[in-house]
Each structure stands twice: as C-alpha cells, then as structure tokens.
Amino acid sequence: MHTPTNTGRFPEPVFPRPGLTAVPLDGTIESIVARMAHLDGRSGRPTEAPVLALGIFERVGSNWLSDSLRGAMPQHNEPFRQQLGREHPLSPGNRVPPSLQGTGLSGLGWHHLLCALSDLHGQPRHLVKETNLFFATDTVLGMLPKSPAVVLTRAPIGIASSFARGRLWDRWRYGDRYAQVAATARAPRWRTAFAPLLPQDDPDPSTALGRLIVVNALLLARALYDGTESPRPRLVIPYEQHVGDPARTQMDLARFLDIEMPEPGDVPQIAADTPAAVDTTFATIGHKDALVAELLPGTAELVSTAVDRTIAQARRLLAPEVAETVTQWLAGDDQYEVHEPAVRPSRRTRLEPVLQRTIKPTYRPVGEVQWRNLLVSNTEMAELLTMLHAGGAVNSRLGTNLLVCPMPDERGGRLHYDPADRRWRVSRGYESHPAYWITWIGAALMAAWCGARLPTRAEALHAMKGARAYNSDYLVGDSCPVVESGLGDREIHHMVGNVQIWCGDGPDQPGSQPVQRYLLGAAWNTPGTREAVTAIRSRYLLGSSRGVGVRLVRDPHTTDAARLGAWELAHQLNQWVDAADSSARTTPGGLDRLLLSSLGS
C-alpha cells in the first residue's frame, strides 16, 4: 500500500520579530525559505521566484528552451546538479540521501546556499534549468516553493537515441551513475518505494537507462503533484511537440510566462581558419523537423521494456496519479522512425595539442586603463590553483567550490585536481583556451596574483564599443584558444566573444543582501548581438559558468609591484572561510563585504 509523503507542502515563510537581524538556520527547508523571505523583504527591490525548467531526464530540449528565452530571462544552468561538489548534501551525485537537517554543513556551506538561492530571484524573472536531480528533487523544489515549473519530457527511445549518437552512456559514466542512484534508493527514506525499481543486478546499459528515466520522472512527478493541495503552476512541453509544432510551443511558453518571446538575433561570422571544437555535445545550433531514433537492433525494445516494467512496479508502490503522470510524460515512442545508426567518422573526445602562435601577455591602453591583450588561460589558472592549494587554500569545502567549479572533462570541465601529484591539471588540448567555470573570488585572486584588477562595467563597456563578437552563438561549439586569428601582441584578442568576463563592480545591494558582481560580453554559448553583450547581468561571488572567464586590467595603482603572493592570498581566503564558519548569524552581505575588504575590492 502507498503511504502519501509530504514532498511538496511547505509552510509559508515566517518573518522574524522587529529587531532581529537574521532568521536562524536550523537545517530545515522551512528555515531556508524563511531566511530567504527575510532577506528579500529587506532588500527593498522587486524580486520574483524563478521559473524552473525541469527535465524528466537529460537530452529533452532544455538547451533549446534556455536559448529561446535568453533574451527575456537571465539564465541559471543546473546550479544544483552541476555546481555543487559530490560531497554536498544537495548534490544529486551524493550517495547519502539529501536532507538539510543534520548535514554537518559549515557556516560557509550555509552562506553559499543562501547566496545561491538569492541569486536565482530577481526582476525580470530568472530561468533555472535542472535535469536529473533524482533524490534531491523534493528538497530543491522545497527551497523554491513559489516557482512555477516548465516540465520538459521526451519519449524514452528518443532519449536513448541521443545517448547512443553521442556515446553518452560511456562518456558521462552512466554505469557509475546507475550504481550511485541505486545505492541511494536503498537508504531508509527511499527504500520501500524506490529500491525495487532499481535492482542491483548489473543491467545492460539500455535497461539501466530505461529504469533511470522512469525513476527520475517519478521523483519529479511526486515532488510536483503528490500530497499538494495547491500544486505549483506548471506547463508540460513534450520534445516531440517542440520538433513537430514549434509555433505552438512558443505560444504556450509566451502565455505561461506572460512574456513576448524574443526574436532570434543575427548570427555573427567567425574567421574561416578558426578550428571547430571536437565536442559539440552542448551546442544547440542544429535544427530538427523529424523524429528519428538511430538505435542498434533490439535497443529500442530493451529500453521500452525496462520503462514499462518499472512503471508497472511503480503503480504498486506510489500514488496512482504519480505513476499515471509519468506514463503520460513518457509516451511518444510510436512517433519515432527507428533506424540503425548511420555510419559516421569516429570523433575524438579530447583535442590534441597543436602548434599555435605564441603571444606573450602584455597590457595595452584602452581609455584610461591598460587592458591585458589575452584572456586568462587554463594553464595560468591551473598554476594559481596549485600554488593556493600548496598554501593551504583548497578549492572545495564540503561541496562548496570557492575558486573554480571542477566539472569532469566529459561535462565540459577543463581544470582538474590531481591528488597524487597535488597539482591542478588541464584537459589535454585545452591548455591555451580561456579558463571558465571560475568564480568571482577565483577571478579576483588571479588579478591580485598578477598585480592587476578586474575591469569595472563602465570600463568594459567603453573598451567593447564597436568590437565584433568573435566566437559566440555556438559557432565553434566550445571555447577556442586565447590567441585570436590574425591579431598580434599589440592588439587585444577576444575583446568580445569566447567567454564573458567578470567585472570588479556590481549593482548596489542592501547591506544584508549577498554581494553581486557584473558579467559582461559574449561567450561561445551566448548571443553576440550588441544588445546581448551590453545587457545588465550579475552573479553572486561564488557563482560560476561554462561561459564566464577572466580579463585583467591595470592602472597606476595596480602594477607588478602590487602583486600578492599565493601564500598571502591563501591566508586571506582561509581567514574568510574561518569567519564564515564562526558567524552563523552574520548576514550574507556582511560576510561578502568582509571578503571584499580583505582583497582590497
């Protein structure tokens, strides 16, 4: 028999009595929601809870949705699934069942969580994309109780075809993923309903994929529907509808979000001798107008059988409406033409080092400041990270990344810590590419280490005026080397394009609110139009993205003589972490300003 569980019902926020400076955190979802409401109430600025774009699995069109709405809504790409380390209690990759209570999160962890949630709220309304949250789903959704949801679905054999075409089961290590999710399903909180759905029987990849698709969809449906008297507003967009009737999808989105859909911008050009990226998994420039599944004989049947059997078991273990909802979400296999995979040239998953022009970093005058001619490269960032680690400033503290988000290479990460050699290394072939997934703190420490600073937004706007976007709109499919084709050392490479940059200033915020810093420019995966380049965007200090890197500038006060050593920077960073861990009632804004003061920012 199914026993309903309270997965979506959370009490309305309780504001503190006048005079209290903060709402204490007791490790519950309710306290997080209350603290967020308190901070928002004191901000004096209009904000809205973000719209959640929730995929029933990967490869359901979420990138297309993000790109379609980028001109109207600030974007956050999987801040919980991607940007939290595996040891974080809210990471879907953590084998421990996610729960806020009793997690052992330090003060830094709570500070990061509050800042990240605050970053998702704003005006205009933000879009937060999350897929494959698995057993973190109800906790994450519980922290955003007022967020409407766009549910992205796709028929299982369509997902399987996308996985097969990109060899994603192996590249993204989904065998390990199945083992991790199956282990979590056996924790006391989940074992009755979910352990039977994920047998530890060493399934073939097609069977395992079918089971995982169903379980993630069930957990999402359960969090959205089960036990809720007033379910949050939601819009379901099947991938098959998006392909077959894009006009209807656009109309549904515009009505649900109460916005006008942005017009697509002009696509900029790129030099003919710029090498294309080897891995374009995350590019969304392709257009589909037919539903074709390319699968080896028997694969479709294995996936469909696993899906049907898992849903049949779920009907006996979960609320009927949850299983029925998932059945509807996973319909559509019959809309696909199934063919054997076309023969394609094998592709490498990593770039091989190639001979490139060597240009020495130098500074060139633009306006009243000196701009470094090259973006900060992965090699330079790895050297600093290694030096800071040797000085005792490790990057990750219980899943909170301070300087860089160390994504796996197959997920687009290029910087990786090697514990055997106690060094940071760069994915082969990306040594001369710009560093990304860098937090503002990591960018600020790089500037201090180089005797430089980050440009202000006004300085960057002035320098970028009239510059063309180079490498944007997925034209290459990833970043390209920091040396731009056809330019010498006396010119500034990628003034616009390749990656966006962190700025040294940000919007005015009330003292209690987390500090934010501006982002500016265009990246390989963002539009390169003038409107997009100059749009006002900002992030919190621990935020990061695959499209945001570091550009340095100098003025009379920032020269080689002002450089700070890595050991000194490590000491300053550790002092701030200690302050965060010992300041449970300090507001996020207070802690952030303490860090800015120590860095002279």
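General remarks:
- Qualifying lysines (Cα of each under 23 Å from Cα of Lys146; at least 8 residues distant if same chain): Lys129
- Relative contact order of the chain, defined on C-alpha pairs under 8 angstrom at six or more residues apart (%): 17
- Whichever lysines have a C-alpha closer than 25 Å to that of Lys465, once near sequence neighbours (fewer than 8 apart) are set aside: Lys360
- Cα-based shape type of region 428-490, given that a ≥ b ≥ c are square roots of the gyration tensor eigenvalues and the cut on a/c is 1.5: oblate
- Taking every C-alpha pair closer than 8 Å and separated by at least 6 residues, the mean separation divided by the residue count of region 494-601 gives a relative contact order of 29 percent.
- Beta bridges per DSSP, both residues in the chain: antiparallel share near 50 percent.
- Shape of region 72-188, Cα gyration tensor, a/c cut at 1.5: oblate
- Which of Val303, Leu114, Ala195, positive extreme of dipole for the chain (C-beta unit charges): Leu114
- With viscosity 0.890 mPa s and temperature 25 °C, the Kirkwood radius over alpha carbon pairs of region 355-416 converts through Stokes-Einstein to a diffusion coefficient of 173 µm²/s.
- Geometric descriptor of the chain, per residue, is 154 Å³ (volume of the convex hull of the Cα atoms).
- Helix-only mean residue ellipticity at 222 nm for the chain, each DSSP H run of n ≥ 4 adding -39500 (n - 2.57), per residue, nearest 500: -10000 deg cm²/dmol
- Computed over neighbours whose Cβ is under 14 Å from that of Arg457, the net charge equals +3, Lys and Arg +1, Asp and Glu -1.
- Computed extension length for Gln200-Ala331: 44.5 nm, one decimal, from 0.36 nm per residue of separation with the Cα-Cα distance subtracted.
- Positive minus negative residues near Leu52 (Lys, Arg vs Asp, Glu; Cβ under 14 Å): +2
- Formal net charge of residues neighbouring Gln180 (Cβ-Cβ distance under 12 Å; K, R +1; D, E -1): +4
- Heavy atoms of Ile536: accessible area, 1.4 Å probe, square angstrom to 10: 130
The values are calculated or read from the model by the stated rules, or taken from the named source; none is laboratory data. Keep in mind the model is a prediction, meaning the values are calculated, not measured. Positions of Cβ are backbone-derived with ideal geometry, glycine not excepted, and every protein chain shown enters the neighbour counts. For the accessible areas, the whole protein counts, side chains as well, though only heavy atoms, and no ligand, DNA or RNA atoms are used. Shrake-Rupley method; radii C 1.70, N 1.55, O 1.52, S 1.80 Å.
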